[in-house]
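The values are calculated or read from the model by the stated rules, or taken from the named source; none is laboratory data. Since we're looking at a predicted model, the values are computed, not measured. Positions of Cβ are generated from backbone atoms using ideal geometry, with glycine treated the same way; all protein chains shown enter the neighbour counts. With ligands, DNA and RNA removed, areas are computed over all heavy atoms of the protein, side chains included. Shrake-Rupley method; radii C 1.70, N 1.55, O 1.52, S 1.80 Å.
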There are 2 protein chains.
Amino acid sequence: VTPRTRDGHALSLGVDIGGTKSHGLVLDDADRVLAERVLPTEPSEAGIRRTVLAVAGALADDLGTTPASFTSVGLGIPGVVDHTSGVVETAVNLGITRTDLAALLSRDFCADVRVENDVKATALGAGLALAETQRDLAYVNLGTGLAAAVVSNGRLVRGARNGAGEIGHLAIDPAGELCTCGQRGCLETVLGGNYLTRRLVSLGLDLAGLGGDPRPAAAAERARVIDALTTTLTLVVITYDPAVVVLGGGVLRTAGWLRPLVEEELRRRASVSGFLAGLAVDGRLVELPTATPVAAIGAAVVGRKKKLRARPAAVGAALEG
Amino acid sequence: VTPRTRDGHALSLGVDIGGTKSHGLVLDDADRVLAERVLPTEPSEAGIRRTVLAVAGALADDLGTTPASFTSVGLGIPGVVDHTSGVVETAVNLGITRTDLAALLSRDFCADVRVENDVKATALGAGLALAETQRDLAYVNLGTGLAAAVVSNGRLVRGARNGAGEIGHLAIDPAGELCTCGQRGCLETVLGGNYLTRRLVSLGLDLAGLGGDPRPAAAAERARVIDALTTTLTLVVITYDPAVVVLGGGVLRTAGWLRPLVEEELRRRASVSGFLAGLAVDGRLVELPTATPVAAIGAAVVGRKKKLRARPAAVGAALEG
């Protein structure tokens, strides 16, 4: 299949549909960001369709064209997605269950619409934005939940049911908090934003201030979080061995104190284990660039449905310009 | 590069170099096993070269040709391997350290020699032998050590340093046994054949009989092993989400009682967790076929250096015939 082009160039639309706002952009075939727009997300099926069309229309206007000229369309959405069909099984924050989002939008565009879970899309976007397309990369999202996405050999490791990377539900503490999944002591019950915020509030603590809070209760919570994240990152490196582990998500952004303390704990563990020292987990950590619309770039990559392959110079130039 | 062929057909040599014997075979381009040979392994660098040449020579004789006619050569070896260079970093059982095995053998064949860790090669071989080349597959090896190898999108997930799948060194019990890696309570200290056998011997127990041993010490050890393997398999499914989890290795073969009891424990855990019930880990388990030379088939696949793609009918026919 020959992709449609405008003046011989592809126009890849990517939209990251977030709980409150949706971030859209258009990449050309040299991975340059040609236009970028952020609009509020309307919940519900009809609302999401309107949101995507509003973003697409605004971007097309910016480029002096119409949404019909987009040569590929990719969407990232927080929820369980069957990327082969474009069906979103559940996306709680957006008020939808089992929606065939690809079909819903297919008549609005000339190109096929592809949909992917937003954490997985972000991993692809991070690969492009960090020019890490030749080496394996993991993205660990510390958001309301905890999940990872891995790009290996230029492609997402999705697994049989798109379930790869659901590491938030690894149970590490039989005496831990009960998880909504039915297990006890899942990593997500310690690190997931929902659980973490609720627990801290009940203790009169807050996530942003936890790093410098001298009270014993704060120290205990801090140690718990540091320990669980250190275990999570070690687990990601042991299982997937990515060259780069990208960290992102709301919890990480709020807890500015977290990364240095986790690096300290990684080094402490490495000091007693030659194996861990050899893994050098701390040397693989990179924070998700906040000035770059990585999730939307990833959505555009999802739309292309091609193996990830960067043109580092072009991406860098576009992102900085 | 056009592969060399004999009468228009590829002849892919694969040799699985084991601690005591080496298993070689030749696949044609329809994945049929044309010849198969097993010879004792000589340790040391020179010994391994002689072993591979003896196997290759015998297979060539069987086919009425010479080793020069092999169009690809792949080796599987128990050790840390850099598959890009063919350098074996360590292979303790074979008495070699940092050997450029590919270079050592390159002048003996007309084709390039490719080398891979034997667990990873076996995962590729299992994909071909089980005709599971379209869906992701994990191979969990319960041998002297514990490791997994995953094939995703038709390719091995190797990671940046060929370390993907080293799940034996996930520390799950801070009060557990000290591991040679320096950590405490690694999965391998419970499930790895070296640790397990030594501990059972010290308790007057044996692995084969452990399943039906009514003594309390046996029950405790049994529970420990079942718990650790259940956790391992759950971990593999949560991280990689493979359609099929292939189980193999000496510990599994000796402990015939193990798989049914692990399946029982998987179902017990699923009964209290909707998430685990949804994963249906027990339904993904398959035992490594023992009548098929899977590791050697995998070595031949390594030699081809192509994405895994089965011709299921042909493989089945050759393996049964």
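Quick check on this structure: which one of A:Asp82, A:Asp62 is over 18 Å from the mean Cα position of the chain (by Cα) and among the acidic types (Asp, Glu)? The conditions single out A:Asp62. When the criteria are applied in full, B:Gly303 meets the requirement of being touching a residue at least 12 places away in the same chain (Cβ under 8 Å), crowded, with 23+ Cβ neighbours inside 10 Å, part of a helix (DSSP H, G or I) and not aliphatic (A, V, I, L, M).
If you go through the stretch B:209-223 and keep only what is more than 20 Å from B:Gly248 (Cα to Cα) and either touching a residue at least 12 places away in the same chain (Cβ under 8 Å) or acidic (Asp, Glu) (or both), you end up with B:Gly212, B:Asp213, B:Ala217, B:Ala218, B:Glu221.
Looking only at residues in the stretch A:161-176 that are open to solvent by 50 Å² or more (accessible area, probe 1.4 Å) and facing another protein chain (nearest Cβ under 7 Å), the one that is farthest from A:Val245 (Cα to Cα) is A:Arg161. Residues of the stretch B:34-47 include at least one that is at pLDDT below 95 and of a type in the set (A, V, I, L, M, F, W, C). Taking the stretch A:91-119 as the range and being open to solvent by 50 Å² or more (accessible area, probe 1.4 Å) and either within 18 Å of A:Ala148 (Cα to Cα) or in a loop (DSSP other than H, G, I, E, B) (or both) as the test, the residues that pass are A:Gly95, A:Arg107, A:Cys110, A:Asp112.
Close contacts from the stretch A:67-79, counting a first residue that is polar (S, T, N, Q) and a second that is buried (at least 24 other Cβ atoms within 10 Å of the Cβ) and part of a loop (DSSP other than H, G, I, E, B), with Cβ to Cβ under 9 Å and a gap of 6+ residues or different chains, come to none at all. Just one of the numbered conditions (1) of a type outside the set (Lys, Arg); (2) under 30 Å from A:Asp31 (Cα atoms); (3) open to solvent by 40 Å² or more (accessible area, probe 1.4 Å); (4) in contact with a strand residue (DSSP E or B) (Cβ under 7 Å, 6 or more places away or on another chain) is not true of A:Gln134: (4).
Taken over the stretch B:267-291, the criterion of being more than 13 Å from chain A (Cβ to nearest Cβ) and either in a helix (DSSP H, G or I) or open to solvent by less than 30 Å² (accessible area, probe 1.4 Å) (or both) is satisfied by B:Arg267, B:Asp282, B:Leu285. Among the conditions (1) open to solvent by less than 20 Å² (accessible area, probe 1.4 Å); (2) more than 14 Å from every other protein chain (Cβ to nearest Cβ), the only one that B:Leu308 does not satisfy is (2). Residues in the stretch A:226-258 that are of a type in the set (D, E, K, R), within 8 Å of chain B (Cβ to nearest Cβ) and open to solvent by 10 Å² or more (accessible area, probe 1.4 Å): none. With respect to the conditions (1) at negative phi; (2) at pLDDT 90 or above, A:Gly64 lacks only one, and its number is (1). Does B:Glu132 satisfy being free of Cβ contacts under 8 Å to residues at least 60 places away in the same chain, more than 17 Å from B:Ile238 (Cβ to Cβ) and of a type in the set (Asp, Glu)? Spelling it out, it is not the case that B:Glu132 is free of Cβ contacts under 8 Å to residues at least 60 places away in the same chain, more than 17 Å from B:Ile238 (Cβ to Cβ) and of a type in the set (Asp, Glu). Of the residues making up the stretch B:177-208, those that are away from chain A (no Cβ under 13 Å), outside any loop (DSSP other than H, G, I, E, B) and in contact (Cβ under 8 Å) with a residue 40 or more places away in the chain are B:Leu191, B:Gly193, B:Asn194, B:Leu196.
If you scan the stretch B:120-131, which residues turn out to be open to solvent by 20 Å² or more (accessible area, probe 1.4 Å) and in contact with a strand residue (DSSP E or B) (Cβ under 8 Å, 6 or more places away or on another chain)? Within the stretch B:120-131, just B:Leu130 meets the criteria. Only residues that are under 19 Å from B:Pro260 (Cβ atoms) and open to solvent by less than 80 Å² (accessible area, probe 1.4 Å) were counted across the stretch B:206-217, and they come to 7.
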